[in-house]
Structures are given as structure tokens and as C-alpha cells.
There are 2 protein chains.
Amino acid sequence: MSHSKVIECVANFSEGRDRATVAAIEDAIGSVAGVAVLRAEMDSDHNRSVITFVGPPDAVAEGALRGIGTAVQRIDLRKHAGVHPRMGAADVVPFVPLEGATLADCVAIARRTGEEVWKRFQVPVYFYEAAALNPDRRRLENCRRGGFEKPSIAPDIGGPALHPSAGACIIGARKLLIAFNVNLKTDDVRVARDIARIIRASSGGMPFVKALGLPLAGRGLVQVSLNLTDFEQTPLHRVFDAVRREAAAHGVEIAGSEIIGLIPQKAIEDAAAHYLQCENFDSGRVLENRLRALE
Amino acid sequence: MSHSKVIECVANFSEGRDRATVAAIEDAIGSVAGVAVLRAEMDSDHNRSVITFVGPPDAVAEGALRGIGTAVQRIDLRKHAGVHPRMGAADVVPFVPLEGATLADCVAIARRTGEEVWKRFQVPVYFYEAAALNPDRRRLENCRRGGFEKPSIAPDIGGPALHPSAGACIIGARKLLIAFNVNLKTDDVRVARDIARIIRASSGGMPFVKALGLPLAGRGLVQVSLNLTDFEQTPLHRVFDAVRREAAAHGVEIAGSEIIGLIPQKAIEDAAAHYLQCENFDSGRVLENRLRALE
């Protein structure tokens, strides 16, 4: 990537069961020159997919628009059910600064993309996190409260009624986020909800952690679904250990964990160093990091 | 690094206390055009230093020769003591294939370097691992048995007497190795020796693991000093967990661990995925890996 600014977009769509729809959205995004789709994944319990793509600012914005357009055409929220809260066919579309880019660049991209979503598709838009027009709307949960069926606040652009089948689109700018799920060996969703409440920042838990307790009926398990909004301040391994400790207090074991989308290398390195109790670890210990520094 | 073959050399010298000597060796190695010194570290208890450098084949061979020459000038084994076994001032010099290179390339470099060490410095040479001339000498321990004071076998080149102050040099070719120490909260070296014996391949333990139990008098601890000769077959985290389990059986806790030299990224990723119990991890999950694949 020889471009001076690289932007990541981690778009969440309300379809996690029909492969053809997710593939159509992915193809639409990838049809823009300069955009590289890094990852597309779908979750059947959440009935939700996440497509991660990168590129220079204008290309990523156009990729997002084409993906949103395809989702609006193909997803009807009136027929959609899943355990994850949602407000739109193209539910959440955050832009993230990577190499050479700033959060301010991403706010500008989010605002421009939002205007265009209303203009092209007649889908109203909320702006969240760093792109919020109103401090009350910084938090995604505040924009999405009530969901598609009963939105509790009016959109920032368009509306006030939502699009009849595609709802609204929540567009934002934010720092790199780690989305991580921990699955627990119980079918009692109260355990996952208890743990989520103890862990998350909003109820006095760990800073920079969002958490939801969800049933995973398909697997007979429950899940603590986590977002880490600043993994350098609250490391992934510390959150995982806290979930494990709280689960143990309920007499429940961990079945496994899942990374959603992509994870920064530093979070992996920090976790390895922590669990190996390594006293002298730093990124410069990793052979490949040293070889790349010579390039 | 635009060269088609990249070779790593992880040279071990019998000086871990005098910074000036280690710096002189490092400078001699780094004086060769095309050589990059990635890491130099010294251990006072071992009285030993490890200098890791990379470059194209001819440059790395010449870097090794200049480093060996400086070690021969400055280190007198008659005055050397340390907890780690050793045979020479420049004790062990393995060449490792990295990008574009094969183990056979490294055997050729090792043999050529060995001839030159005898010619330039009158230091006899043993060849070990893939560069061994005799299957009995593949294992480093077999070459080094008896140490500088009482070598048990004659050198492959030069000798038969060792150099009076600089001993012999053991030169080899091998795959990437992880050198890793685990320090234990006890001053009873028998615990470290017991664990090393249980863990290491040569006494029926884990395949591709070498282990020694050593006192760390400087810290009032003992150490299990480990070499993993194929970390993809016997992962680092599995070895660490085995040491922890055996230590617990002795009622001893782990004080911490240390990586010596550099560690391949895959070992770090595998450890993180293991401890985080991540069911869907692969290298493609790491954001930076994906961005580099686009370059």
C-alpha cells in the first residue's frame, strides 16, 4: 500500500445466515479500485456479518457506500431476528485510522459518507463516537436504543422515520477496536449477563470495555460478547482473565473464545508475554519485526 | 532486505560481564557491509553473550569471522568461569536459513567459515547439527563434552590441541531455534535439574526440547534453560506449561521467563491463541499481517 493514508472500515450488516447476501455485499465493497477486503465473517446466532476492508480515504468511503447499497436492497429487517441488537440492514459502519491517518480524517469520511447514504438510498443516518454531532450520541448504544422496531431518538440526517425495510445506518469514526467473544459452558444466559455487567465500563467495571451477555442457542452455550475500545489501556488478556475468574465464581468453565474481524499484533504479543510470564519481552524480540525494520 | 537469501547467525561468546569486550565483538561483526546486528545481549550468571545478526550469505560469514577473531583476541578461557558449559571464546556459531535460504546453504557457509577460522586464528573447529561431518557430532553437547578444560573428542579441523586461551569454535547449521529460560522461586538447583531431566527429549521428555537446570546465584533463583529446536512440533507454550506443572509438583512457583535472542512471530501468535483459548485464530487474523500481504 503506497498510499499515504490507510483507512480501515469494519462494517456490520444484519445478515449472518444467507451466504449469498453476504457475498454480494462483499463483492460490492471489493468492486472499488484501491479497496482490499481483509475479512468477511458471518455469525448465525447473531444473524450478523462483519466485513473488514482497507484502502485510501475516498476508496474506502465508496466501498462502504456500495456495501450499504447492496445491504439496503437485499436485507429486510421486518423479517430479521437475531440475538444481537440492531437498527439497520447496514447497521454500524465505523471508519478507523491506520497508517498515516488520524481520527479527524475518519470523522470527515464518516460525515461525507453519511450525507451520501441518505441521498443515494433514503436511509437515515446516526453519527456515533468521534463522528457524533451531539455528545449524547457518542455511544453506539444510545443511537441504537429501541432498535429497528422502536427507535428512541431521531436520526442526525434524514428521517425522522426509518427506512421501512432497511432501518437506519449508524456511521462513526473510532480508534482500533478489538471485538472478542468468550463462550461459557452453560445454557443459563443470566451467567453471561452477570459477568458482562461486572466487566463492562458502563456499570463500573473495567475501563474501555463494553460487554453483553447473549445466549448461543445454536451451541447450547452462552456468550460474553466484548468490545475493547482501547486495548493498550485495558489489555485483552486482562479482560479474558476477568471473564474467566467471574465465570469460575459461578462454577462455569470457558468453552473457548473468538476474535471477530482482525486483531492488532500488539494485543497478541502482549497476551503471549503475559501468559508466558516473560520479563524481557518487547516487540523488538520478534524476528519478523526486526527483519521488516531493515527493509 | 532486497537480497534473495537472508541468513541469520546467532553467535554465542564466552563473555557476559565485560561490556567493552561484547561491544568490540558486536562492532567487528557490524563492520561488514550488508550485515545488520539485530540483538546483542549478555548474561552475567552464564558469563556469556549472544549476538544475533543477519544478511546475505557472504556478508554473514565474514561478520562471523570478524566476531570470532575479536573474541579470540579478547577472551581468555583460562580466566573464565560461568554456570553455562563452554568450549571456546567464540563458543557456538550456528547459521540459520531465513528468507529464500535453505539449510543446505547454511551447511556450506558453516563449512567455509570453519576452514577460515582455523586458517586465520589457529582455533580448531567442530561442526555440529546439519553441518556435522559425523553423525555422532550432530548434537552440540557431544562436541562440547568435557568443555575447554578437558575436551573429550578431537576437533574436525585443526588441533588436535585446542587454542591455549580461546579453545575451539563449534560451528553449525540449524533451523530456527527458540532459546528460553524459566526462572524458579527457589535456590535449590536440584529442582531445576529434576525438571530439566523430565522435560528434555534426551531423557525421554518432550521432543525437540533441550533443557539444563542451572543456579542463578546472582538472583537467589534457579533456572531451567531451554532450547526448542522445532517450535512448530513442540510449541513454546506447551513447554512452559510443562515446566510450570513440574515446578508446582515440587511446590515451587515460577519467578518469570526470558527469551534469549529473537523469537519467531508464529511462536508468539500460537502462545496467545492457546492461552486465550481462541477457537478461530490464525495468522490472517492479525491486522498487520493482512496489511503487509497487500504491500
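The values are calculated or read from the model by the stated rules, or taken from the named source; none is laboratory data. Owing to the predicted nature of the structure, the values given are computational and were not obtained by experimental measurement. Here Cβ is always computed from backbone atoms with ideal geometry, including for glycine, and neighbour counts include all displayed protein chains. Accessible surface areas use protein heavy atoms only, side chains included; no ligands, DNA or RNA. Shrake-Rupley method; radii C 1.70, N 1.55, O 1.52, S 1.80 Å.
Computed quantities for the displayed model
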| quantity | calculated |
| --- | --- |
| Test result for A:Glu232, at pLDDT 95 or above and within 27 Å of B:Leu291 (Cα to Cα) | no |
| Selection from the range A:92-108 of residues that are surrounded by 15 or more Cβ atoms within 10 Å (Cβ to Cβ) and either within 15 Å of the chain's Cα centre (by Cα) or free of Cβ contacts under 8 Å to residues at least 60 places away in the same chain (or both) | A:Val92, A:Val93, A:Pro94, A:Phe95, A:Val96, A:Pro97, A:Ala108 |
| Wholly enclosed strands (runs of 3 or more DSSP E) of the range A:192-295 bearing at least 1 residues without any contact (Cβ under 8 Å) to a residue 40 or more places away in the chain, under 22 Å from the mean Cα position of the chain (by Cα) and surrounded by 19 or more Cβ atoms within 10 Å (Cβ to Cβ) | A:209-216, A:221-228 |
| Given (1) acidic (Asp, Glu); (2) more than 14 Å from every other protein chain (Cβ to nearest Cβ); (3) surrounded by fewer than 19 Cβ atoms within 10 Å (Cβ to Cβ), index of the condition A:Glu15 fails | (3) |
| Single condition A:Asp91 does not satisfy, out of (1) among the acidic types (Asp, Glu); (2) modelled with pLDDT under 95; (3) under 22 Å from A:Asp45 (Cβ atoms) | (2) |
| Residue pairs meeting the criteria (Cβ under 6 Å; at least 6 apart or on separate chains; first more than 21 Å from A:Ala161 (Cβ to Cβ), in the range A:126-139; second open to solvent by 100 Å² or more (accessible area, probe 1.4 Å)) | A:Glu129/A:Arg138; A:Ala132/A:Arg138 |
| Unmet criterion (only one of (1) open to solvent by 20 Å² or more (accessible area, probe 1.4 Å); (2) touching a helix residue (DSSP H, G or I) at 6+ places or on another chain (Cβ under 9 Å); (3) under 17 Å from B:Leu103 (Cα atoms)) for B:Glu26 | (3) |
| Meets criteria (charged (D, E, K, R) and closer than 16 Å to A:Pro94 by Cα) for A:Asp43 | no |
| Positions within the range B:224-254 being touching a Leu at 6+ places or on another chain (Cβ under 9 Å) and either charged (D, E, K, R) or within 12 Å of chain A (Cβ to nearest Cβ) (or both), in sequence order | B:Leu226, B:Asp230, B:Phe231, B:Pro235, B:Leu236, B:His237, B:Val239, B:Phe240, B:Val243, B:Ala247, B:Glu253, B:Ile254 |
| Residues (more than 7 Å from chain B (Cβ to nearest Cβ) and under 15 Å from B:His237 (Cβ atoms)) located in the range A:271-289 | A:Ala273, A:His274 |
| Selection within the range B:41-50 - surrounded by fewer than 21 Cβ atoms within 10 Å (Cβ to Cβ) and in contact with a helix residue (DSSP H, G or I) (Cβ under 9 Å, 6 or more places away or on another chain) | B:Glu41, B:Met42, B:Ser44, B:Asp45 |
| From A:Ala71, A:Ala61, A:Ala23, A:Ala89, residue being without any contact (Cβ under 8 Å) to a residue 24 or more places away in the chain, within 19 Å of the chain's Cα centre (by Cα) and away from chain B (no Cβ under 14 Å) | A:Ala23 |
| Condition met for B:Gly34 (touching a helix residue (DSSP H, G or I) at 6+ places or on another chain (Cβ under 6 Å), touching a residue at least 24 places away in the same chain (Cβ under 8 Å) and surrounded by fewer than 19 Cβ atoms within 10 Å (Cβ to Cβ)) | yes |
